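> The structure's right below; bear with me while I get my questions together.
The values are calculated or read from the model by the stated rules, or taken from the named source; none is laboratory data. Just so you know, these numbers come straight off a predicted model, no measurement behind them. With ideal geometry, Cβ positions are generated from the backbone for all residues, glycine too; neighbour counts draw on all protein chains shown. Surface accessibility is based on the protein's heavy atoms, side chains included, excluding ligands, DNA and RNA. Shrake-Rupley method; radii C 1.70, N 1.55, O 1.52, S 1.80 Å.
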Amino acid sequence: MTQSTACPDWQRRILAGESLTPPPLYPAEAAAALEVFKSLRVVDAPGSPTMGEACKAWIFDFVASVFGAYDADTGRRMMTEWLLSVSKKNFKSGLAAGIMMTALIRNWRESAEYGILAPTVEVANNSFLPARDMVRKDEELSDLFQVQDHIRTITHRTNGATLKVIAAENETVGGKKFTGVLFDELWLFGKRLNAGDMMREATGGLTSRPEGFVISLTTMSNEAPAGVFKQKLDYARGVRDGRIKDPKFCPVLYEFPKRMIDSKEYREKKHWWVTNPNFGASVDAERLDDLFKQASEAGEEELIGFFAKHLNVEIGLALRSDRWAGADYWQAQARESVTLADIIRRCDVVDVGVDGGGLDDLLGLVALGRDKETKEWLLWARAWAHPSVLERRKSEAARFRDFAKQGDLVLVEKIGDDVEEAAEIVAEIEAAGLLDKVGVDPAGIGGILDAIVANGVPQEKVIGISQGWRLGGAIKTMERRLAEGEMIHGGQPMMAWCVGNAKVEPRGNSILITKQASGFAKIDPLMAAFNAVSLMALNPAGAASIYNTRGIVTV
């Protein structure tokens, strides 16, 4: 028996307060599991109520879906993976403990292994402690299970089955053959370089466990989604919307419809229940309002963090308190149609900016064109990095791999390939008769100059752009163009990340954006954009300009 797990009408359903979880395939199995689940106690709640007394219907729907996918006649689970994305404080840790204890109690396999994998020790304890307390609060369960706090393990005294809670930051999953595994706070795994390998290792045993399952629980990331989290989230949305056909994958995503994000309706308190299905239970409306007021007073950066964690709103751009003013208008000016080919087709002149290129840097290139008809500025970017950057910048390695898959970042095989590929793009623009100038940081002009000239571009078209406070004019010009709607870009995630990384320092009557000011974060492609803006602000003559036909050359 199979069914579609797509939920194409999810936007209507979530606003109507209806269930987002498909009904169980085998109702008898679901009912038997729910009987166990509802009998477990929530020890840290007043009066230690049972799950049946404390939980709302959406939790029972999710539990029924997991256990109701099991066909007892064949010993096979017909749906095998679930992803639940929900706002903070919606009882995720209690749900994780309850589901895994229910699985351990109903398990029939001798010496079966169940695991909860958490990214940190703190998150691991958040799941283990409720499970431990469920056992200790029930005399029958206390007789049936042995609890070992020091290794966060619960063992069935009769059949030897175990539930182990593992902190991935300092424990290994190698050699485990889990029958069921739950990943808690998947968004934090998205920041780990080796998370994909670790998750494959943890789920590898399921190939010989037809009754096995994988569950991922998560809130939204406090940064733009990256790594395995982004991959799973994108896949889940594809299945939910019907673009991806996978009846064994069940997405349950509590997020606002796009129209409410675009209109900013999600900021209105009357809508906060939408992504908080436990509103009025573990999510206290008064406390949520207090947190909102505190975040509002602290500024936009804290407010965005509040929306991400407590309303499950995806962050597209990190807006720091010391952010560049242009960041506020960046996302609104994104147009997916803006590509390099589009710029060459639409524009009468193109300036190129280049920046970076060190062993632990990105080499950023930006093509900035002026539309022949509208006079809008069109921006497209690409960056290159040597694989050594993944080791030197481990905290961002997963994000860099995402950019590489999207085609915005190229991981070159050897040093020099980056400069050569950048030079080929410049040569392509020159061959189209559109290249005005190439602006680069004077400190790094040597290698890029040689490569560009070797590709047939006149040396006089490559010039140094003064950096530091002298870039203040370009920075102001770019932010005004964005604010006025006169600059558009391709909506590339890599550029959004760089824009969000940029930190501003006041310097006299000017402002300063430098790599030093931005610290560990990378902004090389954005600095390349400022170089290109410095040139385009001079209003260069276009390929079809009347000044060219009259023999007047502008500089």
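> Does any residue of the range 183-195 turn out to be in contact with a strand residue (DSSP E or B) (Cβ under 6 Å, 6 or more places away or on another chain) and aromatic (Phe, Trp, Tyr)?
Yes - at least one qualifying residue is present in the range 183-195.
> So in the range 95-114, with the set limited to residues that are over 28 Å from the mean Cα position of the chain (by Cα) and open to solvent by less than 10 Å² (accessible area, probe 1.4 Å), which one is nearest to PRO130 (Cα to Cα)?
Across the range 95-114, the extreme among qualifying residues is MET101.
> Same structure, new question: Out of LYS264, LYS258, LYS270, report the one residue that is open to solvent by 60 Å² or more (accessible area, probe 1.4 Å), modelled with pLDDT of 95 or more and not acidic (Asp, Glu).
LYS270
> Quick one: THR514 ticks every box in (1) touching a strand residue (DSSP E or B) at 6+ places or on another chain (Cβ under 8 Å); (2) at pLDDT 90 or above; (3) among the polar types (S, T, N, Q) except a single one, so which number is it?
(2)
> Please state which one of ALA131, ALA124 is free of Cβ contacts under 8 Å to residues at least 40 places away in the same chain, within 14 Å of SER93 (Cβ to Cβ) and surrounded by 15 or more Cβ atoms within 10 Å (Cβ to Cβ).
ALA131
> Residues in the range 397-405: is at least one more than 24 Å from the chain's Cα centre (by Cα) and over 20 Å from LEU538 (Cα atoms)?
No; the residues of the range 397-405 include none that is more than 24 Å from the chain's Cα centre (by Cα) and over 20 Å from LEU538 (Cα atoms).
> May I pose another question? Could you list, in sequence order, the residues of the range 407-423 that are in a loop (DSSP other than H, G, I, E, B), in contact with a strand residue (DSSP E or B) (Cβ under 9 Å, 6 or more places away or on another chain) and on the phi < 0 side of the Ramachandran plot?
Result: ASP408, VAL412.
> Is there any pair linking a residue in the range 443-469 that is within 13 Å of ASP355 (Cβ to Cβ) to one that is exposed (fewer than 14 other Cβ atoms within 10 Å of the Cβ) and among the aliphatic types (A, V, I, L, M), with Cβ under 8 Å and at least six apart or on different chains, and which?
Partner pairs satisfying both residue conditions: GLN467/ALA443.
> So, one more: Do you know which residues across the range 350-373 are more than 24 Å from ALA502 (Cα to Cα) and surrounded by fewer than 24 Cβ atoms within 10 Å (Cβ to Cβ)?
Within the range 350-373, ARG370, ASP371, LYS372, GLU373 qualify.
> Step by step: first the residues of the range 374-385, then only those that are open to solvent by 50 Å² or more (accessible area, probe 1.4 Å) and touching a residue at least 12 places away in the same chain (Cβ under 8 Å), then the one that is farthest from the chain's Cα centre (by Cα). Which residue is that?
Ranking the qualifying residues of the range 374-385, first place goes to LYS375.
> Still on this structure, I have one more. THR207 versus (1) closer than 30 Å to ASP73 by Cβ; (2) touching a residue at least 24 places away in the same chain (Cβ under 8 Å): which is the lone unmet condition?
(2)
> So ARG345 passes all but one of these: (1) farther than 19 Å from GLU424 by Cα; (2) surrounded by fewer than 15 Cβ atoms within 10 Å (Cβ to Cβ); (3) among the basic types (Lys, Arg). Which condition number does it fail?
(1)
> Right, something else. If you go through the range 85-127, how many residues are among the basic types (Lys, Arg) and under 28 Å from TRP10 (Cβ atoms)?
Adding up the residues that qualify gives 3.
> Turning to a different aspect of this structure: Just checking, how many residues over the range 475-498 are outside any strand (DSSP E or B), open to solvent by less than 10 Å² (accessible area, probe 1.4 Å) and of a type in the set (A, V, I, L, M)?
Selection size over the range 475-498: 5.
> Residues of the range 283-299 being over 15 Å from LEU311 (Cβ atoms) and assigned to a loop (DSSP other than H, G, I, E, B), which ones?
Listed by number, the list holds a single entry, GLY299.
> Then there's this: Here are some conditions: (1) exposed (fewer than 12 other Cβ atoms within 10 Å of the Cβ); (2) farther than 21 Å from ILE244 by Cβ; (3) among the basic types (Lys, Arg). ARG12 meets all but one. Which one does it not meet?
Failing condition for ARG12: (2).
> Follow-up question, since we're still on this one. Provide a single number: the residues in the range 403-428 that are open to solvent by less than 20 Å² (accessible area, probe 1.4 Å) and in contact with a helix residue (DSSP H, G or I) (Cβ under 6 Å, 6 or more places away or on another chain).
6
> On to the next question. Pairs please, first residue from the range 487-506 and within 12 Å of TRP324 (Cβ to Cβ), second anywhere and hydroxyl-bearing (Ser, Thr, Tyr) and open to solvent by 10 Å² or more (accessible area, probe 1.4 Å), Cβ atoms under 9 Å, 6+ apart in sequence or on different chains.
LYS503/THR514; GLU505/THR514
> Given (1) at pLDDT below 95; (2) within 21 Å of PHE67 (Cβ to Cβ); (3) hydrophobic (A, V, I, L, M, F, W, C), where does ALA167 come up short, assuming only one miss?
(2)
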